[in-house]
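Beneath this line is the structure, given in structure tokens, with notes to follow.
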Amino acid sequence: MKQNGKIKDFLLWTVLAIVLGLIVSFAFLPLLGVDPVDSLKIMLTETFSDKFTMGNILIKTTPLILTSLAFAFTYKANLYNIGAQGQFYVGCICAVATTLALQTKLPGVVVLLLAFAASILGGGLTGLLIGFLKAKFNANEFLVSMMSTYVVQYVMQLLLRTALQEPKHEYLKTAYIDNSAWLPKIIPGTSVSLGIVIALAAAIFIWFILYHTSLGYRVRVTGLNQDAARMSGISPKKMCMTAFFISGAIAGLAGFTEINGMQHMLLTGFESDIGSYGIGIAIMASANPIGVIFAALLFGTLQVGGTALGHSTDAPASVIDVMLGFVMLFVLMSFFVRRKLEIRKLKHQKLQKGEA
Amino acid sequence: MSEAVIELKHITKRFAKVLANDDVSITVHKGEVVALLGENGAGKSTIMKILYGLYHATSGEIWIDGKERKIASPKEAMALGISMIQQHFSLVPAHTVTENIILGNCKGRVDIKAKEKEIEALAKQYGFDVPAGEYIKNLSVGTQQKVEILKALYLNARILIMDEPTAVLTPQEIDTLMTFVKNYVSKGNSVVFITHKMKEVMQVSDTIVVMRNGKICGTVKREDTNEKELAHMMIGHDLETLQAPGGDDLEKKKKRLIVEDLTIQKKDSAPVLDHINLTVHEGEILGIAGVSDNGQQELCEALYGAETPTQGKILLDGRDITATSVKDRITMGMGYTASDRYRYGMVAEMSLAENMLLKASYLKNWVSHGIINWKKLRQYTERQIKEYKIKAPDCNVTVGSLSGGNQQKVVVAREADMGKSLVIFDQPTRGLDLGAINYVHKTILGEKNSGKSVILVSTELSEIFALSDRIAVMYKGRIMGIYKNGELTTEKIGLLMAGYQPDKEEEA
Amino acid sequence: MQVFINLITRAFFMSTPLILGALGEVLAERTGMMVTAVEGIFLIGAWGGFIGAYLSGSMLAGFLLAMICGLLVAALYGVTTVYMHQHQIVMGTAIAILITGFCTFFYRVIFGIQTVPLKVTPLSVIRIPLLSRIPVIGQVLFSQNIVTYITYLLVPIVFFVIYRTSLGLSMRSCGENPEAADAAGINVTRTRFLAVLVAGCMGGVAGAYYSLCNVGMYTSEIIGGRGWIAFGICFLGNWNPVGALIFGIVFGISDALGTYVKALGNAAIPSELFSALPYILVIVLTVCRKQFNVPAKLGANYVKED
Amino acid sequence: DEPDYASMKIVLILPGSIDDQSWNASNNAGAKACDEQLGTSIEVVESVPVEEFESTFTEYGEKGYDLILSAGSQFDEACAAVAPQYPDSIYTVINGQISDTDNMVPVFPKEYEGSYLAGIMAGYATENGNFAVMGGESNAPMVKLMDTYDAAAKSVCEERGLDFTTARSFVNSWTDVSATKDMAAQMMDNGADTVFCYSNEGASGAVQAAEEKVGKFVAFAADKNDESSCVYGSVPMNWANVYPWIIQGVAKGELKGAQEVGVAEGVFEAKYSDACSDKCKAAVDQAIKDITDGKIDFTQYFSEK
Ligand SMILES: Nc1ncnc2c1ncn2[C@@H]1O[C@H](COP(=O)(O)OP(=O)(O)OP(=O)(O)O)[C@@H](O)[C@H]1O
Ligand SMILES: Nc1ncnc2c1ncn2[C@@H]1O[C@H](COP(=O)(O)OP(=O)(O)OP(=O)(O)O)[C@@H](O)[C@H]1O
Ligand SMILES: [Mg+2]
Ligand SMILES: [Mg+2]
């Protein structure tokens, strides 16, 4: 009952914040001679008019769920893995390398499974390395994970120029992977692949790990109070590495769904923002793995809407970032306002009770 | 009576979830010590924080020197000559003594050397031995407390609020503090003294204000009351008297814990534990007395597996456990309430139920195949809440939202249950109110009577005498001797705690 | 030899904005505030600096506008973190996204679609009389632009403020133990907010350095992660202005060396790895440096429930 | 009888921002030229991220566009994946090469022809015969165009009796002006006096460096003659000459299969600055003629065959 009211409150405020964020961003459009009301109409009709575009929302949502889970998982352990972008790239590299190497030699399903495993392992090990540096050398994980993304990005460029380059050796990308190693499409009339199901499953899996297993419990304890963890026979170092491994693995998994499910090759500059979007999404969902799904869906919708806006009107592409930025800003602010009001309400209730 | 310097009139303070002060009125006169007494969470700290400008009253008035004042911040309070020593140290560990004292009270360029001289002079004036240039993190808690006081004096405060200043001090340090308070008020200043210790109240105060549940439930003159009456006022009923430790014949009992030659010595420094030998039998409480920071915590942690000894052996039920980890020792049935429960014993942001699981995450109690059985755990927690009378709405609230006393109860409840064979209590009642102390003592005796071995570390001699079968005294990492309860007088134990070996001295 | 001197000169030249940004970061982080909006602040500084200088024709106006832009973004960051208690890392991310879009959007609003880059003449070098004639050192240290000189001047000033004044003491206390600072009558939230604003001003100028001192133009990728390097330098410099100076120079040199190696054009050397060099360096140095005097409450918002 | 261009539904898909002053800007200019010359109204979609290539192609296929233009080799494969599903739309990838189905008409600019012209200019621009050759990133077409550039510059140097030296480097970014400037400055410190840089926004950084180090710059892909006095000459890609040709060909149904365009088709033009000597202009003009006549075998210059 009380819980329900809270969720209702939360939804109300969040929707309000989103609307406000959109209004503010659209208010800038007349500066470029774009009619905001018309463009809003166009954006909505274009986004929700056909199945294909709505499918795109799910396609956009898929990796966002995963990168934001990656952040959320470590966040719960009071650790900051903001290198999900890099781990995602490692996942991409592993998935595409595995697939390209094996697609002609093994049946498609087997290749898919191996690519799946490789991306998880690759992303996980990258995460583990950060966790290890933190555990062993007490290196600041925020800084290290932030920098790791840049490093991975350049390594990826190097690989795309050398070992992984397409056979014609012309451009910084890999060859197209074979049809047999694509994740099957699940909704006819769209390009939505099994990836979205994998992402949803991952969200549930992470939720289960965090709240229903002793491993997740230990991760949370370590995050909240390392000393208490040590006094309880829990090794904070081990937990730190475990958390980073799982986090990296989830981000790496996004590489698999993107390569085998969506893009079918790897090229430079691929999905270069999902890491930072993931952070925003995780926080909008209060790092709750299930909430992450909905927040990611919101981001996916805004991205597709923004793209439609850019395609169908004279609004520039930068309007997407403006929109996402404002929406995030206002949602975060709404958290504060909601809390303020809640406290005031509580005080007020008490006051009346006191006087009664 | 002299004129009133402070009048708090009908102060009410509401936090989001609690009514902390409910129509509280207190008057403090010039040259007076007002003791503020009350159980944990009664609202003592809150009312004083309002006076000091840290919190703002929901309603009510503050009158200083007969004029109504609004105190919006500690700065304004200081300007009025009010200073407060917080319950939890408000010092910056990474700064020096001088930096801490002048914090907020200096302007522009700071000549640190000159300030250090100034502070040293001030310390000398009050007879405090405080190194002005030393970092706070390198000082003992007693010295830190003195720094807190100096900070207040530096401002020329005439009204000093002290929130549980003695909670972490040794008996000698407490005496010094009492002398200081008496001196200080004799110069026409006033003091508000918050404490849980009756003895101090009777020793130093002029007026005693007792609070319960945010309300004032009595204001009395010291001369007109006694400890028993105060206790009754505070908790609303009389305390149960505990059965004193019996002279059980330990020889007949099985030896549970044997510690041989236990030493911890880091390279190039004095040993923190120096060749410790001791034995604990089943159904025995071994009290460990001593001034704090004499190796008690290291001993507890070594026994619990959190510190690795450099030398020596630990045997539990005849098995050598020296090399085993904390996890193993939990499995073997050791329980441990660390003295700093907030840091080592609980996770404040987690629920009560989750905190009950803390030490058992590797055990099978509520976990099977790595999956937590929440239902069973919650049922267990609800039972514990009832059994230990923990003041909490249910098992889903966070431990951090409980008052200190109730937090301690949660930890005690868990550890008593975890420790199937041996429970180590380190300062189990520090900062607790009388009712809670009484309850914890009952629990400890209960554990002993059920056959468990108990190690009780305390700086409170009364606690040691009230509970222990045998008493070991620690000084600088050494055991000065182990005595049967009753063999030691207060004088003798005092000497032992200070490092003197009275018997040997006589021989010499 | 001349190649070497040029290399070091450029290293010092390129380290200026890093040091300046890191100094601002040091000031803010000493009060417990990580300015994770640093990348956004740099970017809007570059943007505002260019717009100001281009439209007015005055470099000073450019730097002023850069400062104001940095200040405004810092204010947004400060209000949401200090006063609204939102998570610092998250807020930084949100602001980075917003500013990226904002700068690109308004560059087009102001200048329309250009096919030729708009340019201003980069800030010229001021040769300090006599000193600039000292061999080697003269060219490296005393033939730089005014912003570099100011930055070097700021190092001892920031040092003095932090370690030798009451203000610095208050700031450090806010970062170490805000409760204690509060109890000592210091307005923690205001101190933190103001420190963030100062960091914003310095970050804005640092950003403008790229558009006004280096290339004389603005592009949306002009910062490209350098704000984060400044952020890292603050860490590596142990929250000390002198440390920031030293590591700023280290990064300037490593950057110049990386460029040197890439410029050799030896196809056998994977140039990508040299592009990644600064980032690798941050990781390696963070790992090597065991003892950090990190402000105890760095990154933790101070929430007083009343 | 001219086709009705105004009613054609055409979109141009660009990977970057239309104000990048280089690749995207010149393609955008091509679209604008068509609008002016033919009366088309081409929609331009900018900054399409790589992961959205396929969905964007599909979107416009679904909407039944007549011609879907995209500019950048990176579109090639995505186009190949989508185009067969929409046989009624023509897909043209500028800089693309794949033409699996009839409706795929990639147009590939022979950049190495253009850079050959730039190389001749550079040969006359230099005073010491020492060249800095820079690229945004390293890929095969980039290497080829650098090869012909070097070859042209070298032959001019030999003619002028200068010792020829060249160094080649990649910034690993198309947009980072600062890094590009640093790199150019470093290469000039190493002895080069003439800089060539094929990049997007980054190229302006190299111009800046050439100006500060008092060297020469030879621009490629965009006309930078007005940007600085150090720019000796430019070889811009003039898509305005090609886009109308593409649209006309498509509208009339004459354009089929993979196309290659170069100097002969007017994609690359030589723009001389005031500093250009007559000798240089003559040499370049001669080269344009030779290339148009097919007299130059460029494959001999390629380091990787
Ligand atoms: N900052 C706060 N926010 C919300 N509630 C608070 C806060 N501080 C105190 N309270 C509430 O006010 C009540 C009184 O707390 P207070 O700290 O004054 O108790 P106390 O009498 O000092 O207890 P103790 O003897 O343990 O120090 C508590 O029950 C607590 O719930
Ligand atoms: N920031 C806060 N927010 C909410 N409640 C608080 C806060 N700070 C303190 N409290 C409440 O204040 C009460 C008392 O807090 P306090 O720290 O004074 O403990 P305590 O009861 O005095 O215990 P102890 O005597 O061991 O110090 C607790 O119930 C706690 O919930
Ligand atoms: Mg209290
Ligand atoms: Mg308390």
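The values are calculated or read from the model by the stated rules, or taken from the named source; none is laboratory data. Quantities reported herein were computed from a predicted structural model and do not represent experimental measurements. In this analysis, Cβ positions are derived from the backbone assuming ideal geometry, glycine residues included, and neighbour counts consider all displayed protein chains. These area figures cover heavy atoms from the full protein model, side chains too; ligands, DNA and RNA do not enter into them. Shrake-Rupley method; radii C 1.70, N 1.55, O 1.52, S 1.80 Å.
One residue stands out among those in the range C:1-39 that are of a type in the set (S, T, N, Q), open to solvent by 10 Å² or more (accessible area, probe 1.4 Å) and more than 17 Å from C:L123 (Cβ to Cβ): the one that is nearest to the other protein chains (Cβ to nearest Cβ), which is C:N6. Looking at this structure, is A:M323 modelled with pLDDT of 90 or more and either within 12 Å of chain C (Cβ to nearest Cβ) or in contact with a Lys or Arg (Cβ under 7 Å, 6 or more places away or on another chain) (or both)? Taking the combined requirement at face value, the residue satisfies it.
Taking every residue in the range B:17-30 that is more than 17 Å from A:L346 (Cα to Cα) and within 16 Å of ligand 3 (Cβ to nearest atom) and pairing it with any residue that is open to solvent by 80 Å² or more (accessible area, probe 1.4 Å) and part of a strand (DSSP E or B), at least 6 positions away or on another chain, the pairs with Cβ-Cβ distances below 9 Å are B:V24/B:H10; B:V24/B:K215; B:I26/B:T219. Hey, does the range B:412-420 have a residue that's within 16 Å of ligand 1 (Cβ to nearest atom), open to solvent by 30 Å² or more (accessible area, probe 1.4 Å) and either free of Cβ contacts under 8 Å to residues at least 40 places away in the same chain or not in a loop (DSSP other than H, G, I, E, B) (or both)? Within the range B:412-420 (the criterion being within 16 Å of ligand 1 (Cβ to nearest atom), open to solvent by 30 Å² or more (accessible area, probe 1.4 Å) and either free of Cβ contacts under 8 Å to residues at least 40 places away in the same chain or not in a loop (DSSP other than H, G, I, E, B) (or both)), the answer is no, since none of the residues qualifies. Checking each residue in the range B:4-40 for being within 15 Å of B:H56 (Cα to Cα), within 16 Å of ligand 4 (Cβ to nearest atom) and among the small types (G, A, S) picks out only B:A20.
Would you mind stating whether C:A300 is open to solvent by 10 Å² or more (accessible area, probe 1.4 Å), under 30 Å from B:K13 (Cα atoms), touching a residue at least 12 places away in the same chain (Cβ under 8 Å) and small (G, A, S)? Give the steps one after another, and end with the answer.
Values: open to solvent by 10 Å² or more (accessible area, probe 1.4 Å): yes; under 30 Å from B:K13 (Cα atoms): yes; touching a residue at least 12 places away in the same chain (Cβ under 8 Å): yes; small (G, A, S): yes.
It is true that C:A300 is open to solvent by 10 Å² or more (accessible area, probe 1.4 Å), under 30 Å from B:K13 (Cα atoms), touching a residue at least 12 places away in the same chain (Cβ under 8 Å) and small (G, A, S).
Filter the range C:258-276 for residues that are within 12 Å of chain A (Cβ to nearest Cβ) and either assigned to a loop (DSSP other than H, G, I, E, B) or open to solvent by 50 Å² or more (accessible area, probe 1.4 Å) (or both) and give the result. Correct list: C:A267, C:A268, C:I269, C:P270, C:L273, C:F274, C:A276.
Quick grid of which residues meet (1) within 16 Å of ligand 3 (Cβ to nearest atom); (2) away from every other protein chain (no Cβ under 14 Å); (3) in a loop (DSSP other than H, G, I, E, B); (4) within 20 Å of B:R430 (Cα to Cα):
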position	(1), (2), (3), (4)
B:T179	no, yes, no, no
B:N183	no, yes, no, no
B:F193	yes, yes, no, yes
B:H196	yes, yes, yes, yes
B:K199	no, yes, no, yes
B:M202	no, yes, no, yes
B:V209	yes, yes, no, no
B:G218	no, yes, no, no
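Going through (1) surrounded by 24 or more Cβ atoms within 10 Å (Cβ to Cβ); (2) within 11 Å of another protein chain (Cβ to nearest Cβ); (3) not charged (D, E, K, R) one by one, A:A317 falls short only on (1).
From the list A:I290, A:I283, A:I246, A:I250, which residue is touching a helix residue (DSSP H, G or I) at 6+ places or on another chain (Cβ under 9 Å), facing chain C (nearest Cβ under 10 Å) and either open to solvent by 40 Å² or more (accessible area, probe 1.4 Å) or in contact (Cβ under 8 Å) with a residue 40 or more places away in the chain (or both)? So that I can check it myself, show each step before the final result.
Numbers: A:I290 fails: facing chain C (nearest Cβ under 10 Å); A:I246 fails: facing chain C (nearest Cβ under 10 Å); A:I250 fails: facing chain C (nearest Cβ under 10 Å).
One residue alone meets the criteria, A:I283.
Applying the selection to the range B:481-495, what residues are crowded, with 19+ Cβ neighbours inside 10 Å and in contact (Cβ under 8 Å) with a residue 60 or more places away in the chain? Of everything in the range B:481-495, those that are crowded, with 19+ Cβ neighbours inside 10 Å and in contact (Cβ under 8 Å) with a residue 60 or more places away in the chain turn out to be B:N485, B:I493. Specify the residue that is surrounded by the most Cβ atoms within 10 Å (Cβ to Cβ); the eligible residues are those in the range B:41-53 that are within 14 Å of ligand 4 (Cβ to nearest atom) and closer than 17 Å to B:M78 by Cα. Only one residue fits best here, namely B:I47. Residue under question is D:Y91, and the condition is that it be free of Cβ contacts under 8 Å to residues at least 60 places away in the same chain, out of contact with any Cys (no Cβ under 9 Å at 6 or more places or on another chain), more than 30 Å from D:D285 (Cβ to Cβ) and surrounded by 20 or more Cβ atoms within 10 Å (Cβ to Cβ); does it hold? No; evaluated as a whole, the condition is false for this residue.
Go over the candidates D:S173, D:S204 one by one and state the one that is within 8 Å of chain C (Cβ to nearest Cβ), open to solvent by 10 Å² or more (accessible area, probe 1.4 Å) and among the polar types (S, T, N, Q). Reasoning before the result, please.
Values: D:S204 fails: open to solvent by 10 Å² or more (accessible area, probe 1.4 Å).
It is D:S173.
Of the residues making up the range B:281-304, not a single one is open to solvent by 30 Å² or more (accessible area, probe 1.4 Å), free of Cβ contacts under 8 Å to residues at least 24 places away in the same chain and of a type outside the set (V, I, T).
Identify, please: which residue in the range C:40-61 is aromatic (F, W, Y) and more than 16 Å from C:A244 (Cβ to Cβ) and is, among those, least open to solvent (accessible area, probe 1.4 Å)? Walk me through it before giving the result.
Looking only at the range C:40-61, we keep the residues that are aromatic (F, W, Y), and these are C:42, C:47, C:50, C:54.
If we keep only those that are more than 16 Å from C:A244 (Cβ to Cβ) too, we end up with C:47, C:50, C:54.
On the way: C:W47: 23, C:F50: 0, C:Y54: 84 Å².
Checking each candidate, the answer is C:F50.
Out of curiosity, is B:T398 within 16 Å of ligand 2 (Cβ to nearest atom) and either under 30 Å from B:M198 (Cα atoms) or surrounded by fewer than 21 Cβ atoms within 10 Å (Cβ to Cβ) (or both)? If you could, list the steps in order and put the result at the bottom.
Working: within 16 Å of ligand 2 (Cβ to nearest atom): yes; either under 30 Å from B:M198 (Cα atoms) or surrounded by fewer than 21 Cβ atoms within 10 Å (Cβ to Cβ) (or both): yes.
Considered against the rule, which asks whether it is within 16 Å of ligand 2 (Cβ to nearest atom) and either under 30 Å from B:M198 (Cα atoms) or surrounded by fewer than 21 Cβ atoms within 10 Å (Cβ to Cβ) (or both), B:T398 comes out as yes.
Among (1) assigned to a strand (DSSP E or B); (2) at negative phi; (3) open to solvent by 10 Å² or more (accessible area, probe 1.4 Å); (4) within 14 Å of chain A (Cβ to nearest Cβ), which single condition is B:E7 missing? Just one mismatch for B:E7, condition (4).
Of the helices (runs of 4 or more DSSP H) that lie entirely inside the range B:298-392, those containing 1 or more residues that are assigned by TED's automatic domain parsing to the domain that holds B:F425 and within 14 Å of B:V410 (Cβ to Cβ) span B:352-356, B:374-387. Here D:E51, D:E2 are screened, and the one residue that is away from every other protein chain (no Cβ under 12 Å) and on the phi < 0 side of the Ramachandran plot is D:E2.
Scanning the range B:72-108 for residues that are touching a strand residue (DSSP E or B) at 6+ places or on another chain (Cβ under 7 Å) and within 16 Å of ligand 3 (Cβ to nearest atom) yields a total of 4. Within the range B:16-26, being open to solvent by less than 30 Å² (accessible area, probe 1.4 Å), out of contact with any helix residue (DSSP H, G or I) (no Cβ under 6 Å at 6 or more places or on another chain) and either within 16 Å of ligand 2 (Cβ to nearest atom) or not assigned by TED's automatic domain parsing to the domain that holds B:E61 (or both) holds for no residue. Evaluation of B:A72 against the conditions (1) at pLDDT 90 or above; (2) surrounded by fewer than 21 Cβ atoms within 10 Å (Cβ to Cβ); (3) within 12 Å of ligand 1 (Cβ to nearest atom); (4) among the aliphatic types (A, V, I, L, M) shows that the sole unmet condition is (3). So is B:V92 more than 15 Å from ligand 1 (Cβ to nearest atom) and within 29 Å of C:N293 (Cα to Cα) or not? Considered against the rule, which asks whether it is more than 15 Å from ligand 1 (Cβ to nearest atom) and within 29 Å of C:N293 (Cα to Cα), B:V92 comes out as yes. Is there a residue in the range B:32-40 that is touching a residue at least 60 places away in the same chain (Cβ under 8 Å), more than 16 Å from ligand 3 (Cβ to nearest atom) and either hydrophobic (A, V, I, L, M, F, W, C) or assigned by TED's automatic domain parsing to the domain that holds B:A157 (or both)? Yes, the range B:32-40 has at least one match.
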